[in-house]
Amino acid sequence: MNFDFTEEQTLLADALHRCLSEQADFATRKRTLHSDTGWSRALWTVLAELGVPATMLADTDGGLGGGAIELALIARATGAALCLEPIGSSLVANLTLARLAPAGLRTRLAPSLAAGTRIAVPTFESPYTVLQATRHDAAYRLSGTARVVYHAPCADQFLLAACTAGSTIADTLFLIPANAAGLLAVPCTSVDGQRAADLHLTDVQATTADTLISHDAAAVQWSVDVGILALAAETLGSVERSIALTIDYLKTRNQFGGPIGRFQALQHRVVGCLAKVEELHTMVFVAAARLDGEPMLRRTTIAALKVIACETAQHVGEEVVQLHGGMGVTEEMEISHHFRRLVAAGIRFGSRDQHLAAYTALRFPPSQSA
Amino acid sequence: MNIELAPEDLAFRDHIRAFVAEQLPAAMAQRLLNGGKIEPSDIRTWQGILYKAGLGAIYWPAAFGGQDAAPVRQYLFELECALAGAPPQLSFGVRMLAPVLMRFGTTEQQRTFLPSILTGETWWCQGYSEPGAGSDLASLRTAAVLDGDHYVINGQKCWNTLGQYADWIFCLVRTDFTVKAQRGISLVLIDMKTPGITVRPTVLLDGTPEVNDIYFDNVRVPVSQRVGAENEGWTIAKFLLVHERTNIAGVPWSKRDFARLLGIAQAATRDGRPLMEDASFRAKLARLEIDLEVLEHTNLRMLSAAKPDMTTPSILKIRGSEVRQAISALTMEALGRQALPLVVGPGDAALTEDALTRGVTASYLNLRKLSIFGGSNEIQRNIVAQSMIGL
Ligand SMILES: Cc1cc2nc3c(=O)[nH]c(=O)nc-3n(C[C@H](O)[C@H](O)[C@H](O)COP(=O)(O)OP(=O)(O)OC[C@H]3O[C@@H](n4cnc5c(N)ncnc54)[C@H](O)[C@@H]3O)c2cc1C
């Protein structure tokens, strides 16, 4: 047994870290955050040249054939850098396409998705959706609303999950163009500064041949699970960076005649955070390793991962702000941006309690206690 | 022992309740109960209404326009106001400076400054903290050098809450650099219009400029605006800490926030089902209500005690901030994904107008401050540990 990364994986992570620390340092990111679009296409292009969006696509489709570990490594780096570009979202959409889409759809879209000239993002964070897919001959009509869809304003394609007649959870996956007739996007900004939109669909035409990825509830759940993995890995990157920033602050902020980091009360708080991060680190890669494995084990592991990720995000987020004193609650400081990212990560893809309930239902169904 | 309110206190509470129902502007109350931002004009308007009714500061001595109200009554007053949707009173004048002036100020200072605090006409801000003097307040360095009958003040204050609206600031300044830090500090009152003062807002993580940096560049302040003796500032600041404890736990605000949480939870759904059908969520609500109940009665136990003790206020500050922060976190959780949008793009009037979600996430972010300011929770723990263990 080993938890080591391959040489290629290490190279990928290193290259990404180097690229982001050079091209997406905090000052640059701040300008991007306050720009009109709220993300940098220039940075996206650089990342595309590095092969980031291609990583998730099959090598036979012009991609790099990466999987869950690569996804986690990339998301972790983008979380540390608080990227505003649609990286996690597009990785999830691309991997879903690579694994589940029929050949026609895949070969048509993969080259541009791999090159980064086309961006696809998912519109769902759980199988529960109010989007309905009604069949009419060789096409579906999609209607309903998807709320706060991350990165929707920069998407060319939406990976969409909908319920067919009689189903209460989503059982179909589509990839539809963002400019489809009948689709209205109302933009908003999330608490972490990332741009999003509410999508209102009214009888959007989705032909089976051009847009249907899968008609299978299990496929929808798998894609949701990829999304949870990406978000948890991003959270890992953000908490790791937050703790590094906090340790720096404790060493340099002087009160009572010396650095505040000399107070044991504060040292122990940092150690509490570090322990949480160790747990999340473990779970991210355990979940990544199990993503393509047995579905039931994958489901419980992903539910456990989100429980740990939510708890870690809240605990570490609140602690690092507190340890910065007043500076922690200012817009100016990087730490407050990590905090907001962690707040959003706690909400997105379902709360701790929702995932704890899912885990409980799988592992300890009521019948067993009888 | 009788833990119930005395009949006179109940009558007092009913009187306040009726007064607030009649006098608090309905539109303001509606907005504030639904998460709207508290505007300076709300605070001024409400203080004016309270003043006209003789309720401007009920716990002040009658001689200064108060009613000599006991701490429990002050609590009841604040609770009724908070639950009905009133804005808070501006504590800097009414709560912080006024008791200091009554105790340490000259008759002239009392005559000059107290009336306009009571009417709400003068907006005060607090100038204690400095970039290098946060928890270690005594290390403050803003210098006040005597020049005839004036002090010449140079330095920088920071974190001045709502200082951009302030007419006056009360400042701790260093009047002696040669003695032990605590012994060289004085309290001075400064007109914000005095030449040499620059105010620069600091944007907080919820996007609002709630605090300010204030720079003093050769600001001349008459010696007559010093409160108490020269170098007595630290003693005065400590006096204030001991006296500023009626509302240290913030129970009225937590109760108001809890009521909003309940409203939101009752309207919320999770995975297509009413949130209140979820047993684990209901258990969290219950647990939080227990915390609130404990907090309220611990607060009342302290307020009604004949002899103040030194550690309870610190513990109430810690628990009060934790409970209020936990309420804000659970409120955000109850909203689920609806809590994500912080700023809503043009065109989505529905979300911005939504009374259910307004301000919930911003408030969670903003209330992180509760465990940081007014003596951080770590400093409060140090105070208790020092007093109880003392090693
Ligand atoms: C929103 C807001 C409003 C404010 N309003 C005002 C105002 O109107 N007027 C005013 O004068 N000030 C105001 N303050 C300032 C506030 O009082 C200070 O922020 C507070 O005293 C903490 O100081 P600091 O921010 O410098 O943190 P630091 O003192 O640098 O503390 C950083 C961290 O170290 C911890 N720490 C420090 N010393 C110790 C120790 N000995 N043992 C263990 N832990 C320790 C702290 O608890 C904190 O977690 C405000 C602050 C905020 C955030």
Relative contact order in percent for the range B:124-231 (Cα pairs under 8 Å, 6+ apart) equals 31
Under the definition of Cα pairs under 8 Å and six or more residues apart, what whole-number percent is the relative contact order of chain A? 15
When the Karplus curve 6.51 cos²θ - 1.76 cosθ + 1.60 is applied with θ = phi - 60°, which whole-Hz ³J(HN,Hα) does each residue of the range A:300-312 get, with x for Gly and Pro? 5, 5, 5, 4, 4, 4, 6, 4, 5, 5, 5, 5, 5
Ranking of A:306, A:276, A:30, B:52 by count of other Cβ atoms within 10 Å, fewest first: B:52, A:30, A:276, A:306
Placing +1 on each Lys and Arg Cβ and -1 on each Asp and Glu Cβ in chain B, then taking the dipole about the Cα centre, the residue among B:156, B:387, B:331 whose Cα reaches farthest towards the positive end is B:387
How long are the semi-axes of the equivalent ellipsoid of the protein assembly as shown, defined as square roots of 5 times the Cα gyration tensor eigenvalues? Whole Å, largest first. 52, 29, 24
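Within the range B:129-193, report the chymotrypsin sites (Phe, Trp or Tyr not before Pro) that DSSP leaves as loop and that have at most 11 other Cβ atoms within 10 Å. Please report the intermediate quantities before stating the final value.
Details: sites: B:151, B:159, B:165, B:168, B:170, B:177; in loops: B:159, B:177.
Hits after loop and neighbour filter: B:177.
Taking N as the number of residues in the range B:118-257, what is its alpha-carbon radius of gyration divided by 2.2 N^0.38 Å?
Numbers: Rg = 15.6 Å, N = 140, 2.2 N^0.38 = 14.4 Å.
Computed over Cα atoms of the range B:118-257, the ratio equals 1.09.
Please compute the average number of Cβ atoms from other chains found within 10 Å of each residue's Cβ in peptide A:339-351.
Average per residue, whole number: 4.
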Chain A, dipole about Cα centre (Lys/Arg Cβ +1, Asp/Glu Cβ -1), debye to the nearest 20: 580
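To the nearest µm²/s, what D does Stokes-Einstein give for the range B:7-89 at 20 °C and 1.002 mPa s, using the Kirkwood radius over alpha carbon pairs as Rh?
This corresponds to a translational diffusion coefficient of 164 µm²/s.
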All other residues with a Cβ under 14 Å from the Cβ of residue A:176 taken together, and with Lys, Arg as +1 and Asp, Glu as -1, what is their net charge? 0
Only bridges whose two residues both fall in chain A count here: according to DSSP, what percent of them are antiparallel, nearest 5? 85
Over the whole of A:353-362, what's the average partner chain Cβ count within 10 Å per residue? Rounded to a whole number, please. 2
Taking amide H positions as placed 1.01 Å from N in the peptide plane, with prolines and chain starts having none, which residues 5 or more places from residue B:106, or on another chain, fall under 5 Å of its amide H? B:228
Sorted largest first, the Cα spans of chain B on the principal axes come out in Å as 73, 55, 51
Could you tell me how far the Cα centroid of the range B:64-84 sits from the Cα centroid of the range A:198-251, in Å? 50
If contacts are Cα pairs under 8 angstrom and at least 6 residues apart, what is the relative contact order of chain B in percent? 14
From phi via Karplus (6.51, -1.76, 1.60), per-residue ³J(HN,Hα) for the range B:312-326 in Hz, x at Gly/Pro: 4, x, 5, 5, 5, 4, 4, 5, x, 5, 5, 5, 5, 5, 5
Taking every DSSP beta bridge that has both residues in the protein assembly as shown, what percent is antiparallel when rounded to the nearest 5? 85
Peptides A:163-169, B:198-204: what's the order by average Cβ count within 10 Å, highest mean first? B:198-204, A:163-169
Given the options A:283, A:114, B:28, identify the residue whose Cα lies farthest towards the positive end of the charge dipole of the protein assembly as shown (+1 on Cβ of Lys, Arg; -1 on Cβ of Asp, Glu). B:28
Listing B:75, B:364 from the residue with the fewest other Cβ atoms within 10 Å to the one with the most, what is the order? B:364, B:75
Amide H neighbours of residue A:129 at under 5 Å, excluding residues fewer than 5 places away on the same chain, with H built from the backbone geometry, are A:170
What is the average number of partner chain Cβ atoms found within 10 Å of a Cβ in A:326-336? 6
Using the structure shown, list the pairs from B:157/B:317; A:306/B:37; B:193/B:255 with a Cα-Cα distance above 29 Å, or answer none. A:306/B:37; B:193/B:255
Given Cβ point charges of +1 (Lys, Arg) and -1 (Asp, Glu) and nothing else, what value in debye, to the nearest 20, does the dipole of the range A:7-118 about its Cα centre take? 420
Just report the Cα centroid separation between the range B:375-391 and the range B:1-61, whole Å. 34
Report, in deg cm²/dmol and to the nearest 500, the calculated mean residue ellipticity at 222 nm for the protein assembly as shown, where each DSSP H run with n ≥ 4 adds -39500 (n - 2.57) and the sum is divided by the residue count. -16000 deg cm²/dmol
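Calculate how many DSSP beta bridges within the range B:124-231 are antiparallel, expressed in % of all such bridges and rounded to the nearest 5.
Rounded to the nearest five, the antiparallel share is 85 percent.
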If each residue's Cβ is checked for other Cβ atoms within 10 Å, how do A:367, A:238 rank with the fewest at the top? A:367, A:238
Which number comes out as Rg/Rh for the range A:217-369 once both Rg and the Kirkwood Rh are worked out on C-alpha atoms? 1.07
Quick one: check the C-alpha center-to-center distance for the range B:150-179 versus the range A:1-54, whole angstrom. 45
To the nearest 20 Debye, how big is the dipole of the range B:237-289 about its Cα centre, given +1 on the beta carbon of each Lys and Arg and -1 on that of each Asp and Glu? 160
From the Cα trace of the range A:236-277, what convex hull volume per residue do you get, rounded to a whole Å³? 46
Name the residue farthest towards the positive end of the dipole of the protein assembly as shown from the options A:212, A:233, B:60, assuming +1 on Cβ of Lys and Arg, -1 on Cβ of Asp and Glu, about the Cα centre. B:60
Could you go through the range A:198-203 in sequence order and give the Karplus-derived ³J(HN,Hα) for each residue, using 6.51 cos²θ - 1.76 cosθ + 1.60 with θ = phi - 60°, rounded to whole Hz, and x for Gly and Pro? 8, 9, 10, 10, 10, 6
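Each value in this text was obtained by applying a stated rule to the coordinates, not by laboratory testing. Given the structure is predicted, the values throughout are model-derived calculations rather than measurements. No Cβ is skipped: glycine too gets one built from the backbone with ideal geometry, and neighbour counts run over all protein chains shown.
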